[in-house]
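Here is the structure we will look at.
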Amino acid sequence: MIDLTSVQSAGSETPNRPAAGRVREDQVASSRPRRRPKRAAGVRSIGPFFVAPYVLFTLAFGVIPGLYAIYLAVTDAQGGFAPTANFTTVMGDFRFFAAARHVALFVGIWVVSLLVLVVFFAIVVHAIRVRWLSASARLFFYIPGALAGASSVMLWLFVLDPVASPVGPLLRALGFDSFPSVIQPTHLPVIFAIIAFWTGAGGWIVVMYGALNNIPDELMEAARIDGANPVQIALHIQLPLLRKWIAYMAVLSLAAGTQLFVEPSLLSQASNGVVPNDYSLNQLAYQYAFDLNDFNGSAAISVLLLLVALVLSAVFVAKGGLFETEDV
Amino acid sequence: MNLIHPRRLARRFGVLGVAGTLAVAALAGCSNDKTSGATGSYGFHEAKQDKNSAITVWVDASRVAAVKAFQAANPSIKVKTVTYDGSSNGSNSFKTKMALYDRAGKGWPDVVFSSQNNDASWATRGTGGGQAFAARLDKGLIPSSTLSGFAQGALNPCTVSGGVYCLRNDLSQTVLWYNDTLLKQFGYTLPTTWEDYQALGEKVAKEHPGYIVGSVGDTFTPEVLMWASKCQANDVTGPRAVTVNTESPECKRMAALIDKLVADKSLTTLSVFTPDFVKQYTGKVLLMPGPAWYAGAIFNNKESLNVPPGQIGVGAPLAWGSDAAVAGNVGGGTWFISSHSANLAAAAKFAEFVTTADAYQVDVAPGYPAYAAAAAKWVAKQQGSGYFATDMSALTTAAGQVWDGWGYPSYSQEAIWAKTMTPLLTAGKSIEDNLGAWGTAIKDQAQVAGYKVQ
């Protein structure tokens, strides 16, 4: 399930918040390294107390179900050990590689547009010197992200139907005169990317805005005195300093994107199956569990997804220097 | 739907990898033992019976009236009603929920209504060595006199390897609905063959553009047209065997008809359930091959076409040339009794009542009853209502003409058509040219569902 709101909206999901907080703390701490030794011993001892709920929730809803999935993936329906059987079954399914292709296409379009546009908008909003305009722009960007995932997709069901849509004339001008013609299979990756961008980008723009605020004023000042124009500042000062944040956004977005579920599921229901109910890998896993009654096969797909997400995340963590500790 | 959440894992697994491997090893040590007990007299292992226990009944919103009718007639039996979506529109909720109860080993409802008619294919198979959900009905649980009272072929969707596992609620045989007033006004005669139908469709396109002779925009289009053309797309030959040949002359003739009339715009590609359809075609539906329930769902429905009384007539299923006419079928609900029920007697009484008693099937039910005696009274009641322009005998004729070469596999033919053929129709591409792709999609799906495909 794409769970963007949990990443960005305030306090909707506990486990993600400390993660976001942690990065910020690293940034703050590393930009002011001298303060650290002065911390009182009492502050340290209260640490575990704050971390405890996170650890408990992680165990209950992350680690233990995850381990159960791995256990299911390497056993058969009777509980016997079968290390590869489930993986060969699901990879031999005619829908598997189609679903993988759909997800890859969606993630490709979405993550690239997210990275480029979010950074662009954040820098533009940050460059606005008029206080009320900048604040209202941020609020405007953020509002769609405040809607819960499924309800914002419901909203899009109307937007995409030329008969009911507020942008109906635009859809008709593009040659789409009915809902089925809008949701032709070739349009789907772009449609899902637009929906996901619309629901998720605003939150990230606000996060990036915060990151831009973190860049020391002296640095910007110095650049301006040296005669750099706003574009040069963006390219040579702001972008390099945002590297970790961009990598962080990429990692979370990749993980969320590979789990595409809500958008195709709701569109499938709304289109009476024209958008298939096995469009994405997560949907296929769901079909395995509940249509074919094969929980082991379902777990195998989930474990494969986990592996892919891990590898891609590792690349971004390494390239983005997410865990590097030198000063920004 | 958050059962498995790889994203969280993705972030945490690196740290906990070692601990995880150990825990997996520990978990692998245990396995769930499910043993099926001795076979009871009804053909399955019975739970401990309690004649006074309440029965839990799952119905969709339209079938709540059936429960009320039963309670009025049998106040001594306690019934707990749970309303769910009836497994409609491919939600598969019946199957999904039973799979979870199977895993939990408890919690099954006693009687379930499903708006689908392919549930017997999975409900008769136990998972992981457990007992199948559906109770066998023809070994004494339901009297054979009751079972034989259903219309010819009505229990086909419930029959697996000779055993009966559910009771049919209603039939959805396809007939030719038409607007008698319009037909007379235009000076046309009612077609009796598909060839006449196609010729009339072409004529309507020329002489009265904007009027239609049918719709191909719904997921059940293949069941209305391909089934009624004897297209061998869904020939279930055994519990897990199916023969698929979508490029036979029977399939091609209907595909060519669809292509021609869609191109002429006298067949619409809009679903009959869309607001757009109602907007464009209110008062403009001349003919409409479709299931029995179109009467109440489309024609005599204020939210839909809302055709005034005295206009709608019902014609017999169409034939190809001199072949015998056959009908298709779109749905028709089924009632299942749980083999895990602790009160089989009450559950059986309930299922028998809601499918056969006049108090529900004749007085209240919106669809054509599957139970023959009730159907005769239901038809008489509809004719007495004065809504229809003709007598309803075509419905009764069609009920016995449903072609038996189209089966009820565990996967959904509607879902396959929706994802492979509907986009082609919308894009104006030929159905005839893509019959092969349709066949491949059916075969792939059948194989994944464990069918041997020929």
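Laboratory data are not the source of any read-out in this text; all were calculated from the coordinates shown. Owing to the predicted nature of the structure, the values given are computational and were not obtained by experimental measurement. Every residue, glycine among them, receives a Cβ derived from its backbone with ideal geometry; neighbour counts consider all protein chains shown.
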(request) For B:Val402, list long-range residues whose amide hydrogen, built 1.01 Å from N in the peptide plane, is under 5 Å from its own amide hydrogen. (result) B:Ala327
(request) Please sort B:271-279, B:330-338 by packing, taking for each peptide the average over its residues of neighbouring beta carbons within 10 angstrom, highest first. (result) B:330-338, B:271-279
(request) Jot down the radius of gyration and Dmax of the range A:97-320, Cα atoms only, both in angstrom. (result) 20.2, 67
(request) Between beta-carbons, use under 15 Å as the cut-off and find the net charge around B:Asp444, counting Lys and Arg +1, Asp and Glu -1. (result) +1
(request) Starting at the first residue of the range B:150-155, write each ³J(HN,Hα) from the Karplus equation 6.51 cos²θ - 1.76 cosθ + 1.60 with θ = phi - 60°, in whole Hz, x for Gly and Pro. (result) 6, 4, 3, x, 5, 8
(request) Mind computing the radius of gyration and Dmax over the alpha-carbon atoms of the range B:102-260? Å is fine for both. (result) 21.1, 64
(request) Could you work out the longest stretch of chain A that avoids the trypsin sites (Lys or Arg not before Pro) located in DSSP loops with at most 15 other Cβ atoms within 10 Å? (result) A:130-328
(request) Starting with the highest mean, order B:164-177, B:414-427 by the number of other Cβ atoms within 10 Å, averaged over the residues of each peptide. (result) B:164-177, B:414-427
(request) Using only atoms on other chains, find how many Cβ atoms lie within 10 Å of each Cβ of peptide A:299-306 and report the average. (result) 3
(request) Per residue of the range B:49-55, in order, report the coupling 6.51 cos²θ - 1.76 cosθ + 1.60 (Karplus, θ = phi - 60°) as ³J(HN,Hα) in whole Hz, putting x for Gly and Pro. (result) 8, 9, 5, 9, 6, 6, 9
(request) Mind jotting down the distance between the C-alpha centroids of the range A:284-319 and the range A:51-78, whole Å? (result) 14 Å
(message) To test your reading of the geometry: what angle, between 0 and 90 degrees and rounded to tens, separates the Cα axis of helix B:249-264 from the longest principal axis of chain B?
(response) 60 degrees
(message) I'd like the projected area of the protein assembly as shown, averaged over all directions, using the convex hull of its alpha carbons. Report it in nm² with one decimal.
(response) 39.5 nm²
(request) Can you tell me the FRET efficiency between B:Ser322 and B:Gln454 if r is taken as the Cβ-Cβ distance and R0 is 51 Å, rounded to the nearest 0.05? (result) 0.95
(message) Angle check, please: helix B:372-384 long axis (alpha carbons) against the longest principal axis of chain B (alpha carbons), in degrees 0 to 90, nearest 10.
(response) 40 degrees
(request) Taking only Cα atoms and a 10 Å spring cutoff, compute GNM fluctuations for chain A and point out the largest among A:Ile237, A:Ile194, A:Ile246. (result) A:Ile237
(message) Can you give me the long-range amide H partners of B:Ala319? Hydrogens built in the peptide plane at 1.01 Å from N, cutoff under 5 Å, separation of 5 or more residues or another chain.
(response) B:Thr193, B:Trp194
(message) Looking at the calculated P(r) for the range B:118-195, what percent of the C-alpha pair distances fall above 19 Å?
(response) 55 percent
(request) Just grab the label-to-label distance for B:Lys48 and A:Val231, each label 7 Å out from Cα along the Cβ direction, in nm (one decimal). (result) 8.3 nm
(request) Could you work out, residue by residue across B:96-106, how many beta carbons of other chains sit within 10 Å of that residue's beta carbon, and then give the average as an integer? (result) 2
(request) Just tell me how shielded B:406-412 is by partners: mean number of partner chain Cβ atoms within 10 Å of each residue's Cβ, no decimals. (result) 1
(request) In a Gaussian network model over chain A where Cα atoms closer than 10 Å are linked, find which of A:Pro264, A:Pro185, A:Pro144 has the largest mean-square fluctuation. (result) A:Pro185
(request) Please state the charge dipole magnitude for the range A:97-320, taken about the Cα centre, from unit charges on C-beta atoms (+1 on K and R, -1 on D and E), reported in debye and rounded to the nearest 20. (result) 460 debye
(request) Figure the gain on full extension for B:Glu247 and B:Lys78 (residue separation times 0.36 nm, minus the Cα-Cα span) and round it to one decimal in nm. (result) 55.5 nm
(request) For chain A, with a Gaussian network of springs between Cα atoms less than 10 Å apart, report the residue from A:Gly149, A:Gly62, A:Gly203 with the top mean-square fluctuation. (result) A:Gly62
(message) Counting only other residues whose beta carbon sits under 13 Å from that of B:Ala297, what net charge do I get with K and R as +1, D and E as -1?
(response) -2
(message) Using the basic label-point model (7 angstrom from Cα toward the beta carbon), what is the A:Leu105 to A:Phe61 distance in nanometres?
(response) 3.3 nm
(message) Largest first and in whole Å, what are the equivalent-ellipsoid semi-axes of the range B:253-369 based on the Cα gyration tensor, each being the root of 5 times an eigenvalue?
(response) 35, 19, 15
(message) Using only the alpha-carbon atoms, how far is helix B:93-104 inclined from the longest principal axis of chain B? Give it as 0 to 90 degrees, nearest 10.
(response) 10 degrees
(message) As an exercise, take the mean of 1/r over every pair of distinct alpha carbons in the range B:80-165, invert it, and state the Kirkwood radius in angstroms.
(response) 14.0 Å
(request) Report Rg(Cα)/(2.2 N^0.38 Å) for chain B, keeping two decimals. (result) 1.07
(request) For the range B:311-370 and the range B:392-454, compute the distance between their C-alpha centroids and round to whole Å. (result) 22 Å
(request) Percent of Cα-Cα pairs per 5 Å bin, from 0 to the last occupied bin, for the range B:271-314, please list those. (result) 5, 22, 39, 28, 6, 0
(request) Let me know the Kirkwood hydrodynamic radius for the range B:181-262, please, with Cα pairs as the basis and the value in Å to one decimal. (result) 14.4 Å
(request) Extending each Cα 7 Å along its Cβ direction at A:Ala173 and B:Ala380, get the distance between those two points in nm, one decimal. (result) 6.4 nm
(message) If R₀ is 30 angstrom, what is the calculated FRET efficiency for the pair A:Ser113 and A:Leu219, using the beta carbon separation as r and rounding to 0.05?
(response) 0.55
(message) If packing is taken as the average count of other Cβ atoms within 10 Å, what order do B:259-265, A:65-71, A:82-88 fall into, highest mean first?
(response) A:65-71, B:259-265, A:82-88
(message) What are the membrane-span-like helices in chain A by this rule: whole DSSP H runs, Cα extent along the axis at least 24 Å, mean Kyte-Doolittle hydropathy at least 1.0?
(response) A:41-57, A:96-127, A:188-213, A:295-320
(message) Output wanted: per-residue J couplings in Hz (rounded whole) for the range B:408-418, from phi through Karplus 6.51 cos²θ - 1.76 cosθ + 1.60, θ = phi - 60°, x for Gly and Pro.
(response) 10, x, 6, 8, 9, 4, 5, 5, 5, 4, 4
(request) First measure r as the distance between the Cβ atoms of B:Asp196 and A:Ile143, then evaluate 1/(1 + (r/R0)^6) with R0 = 56 Å and state the FRET efficiency to the nearest 0.05. (result) 0.45
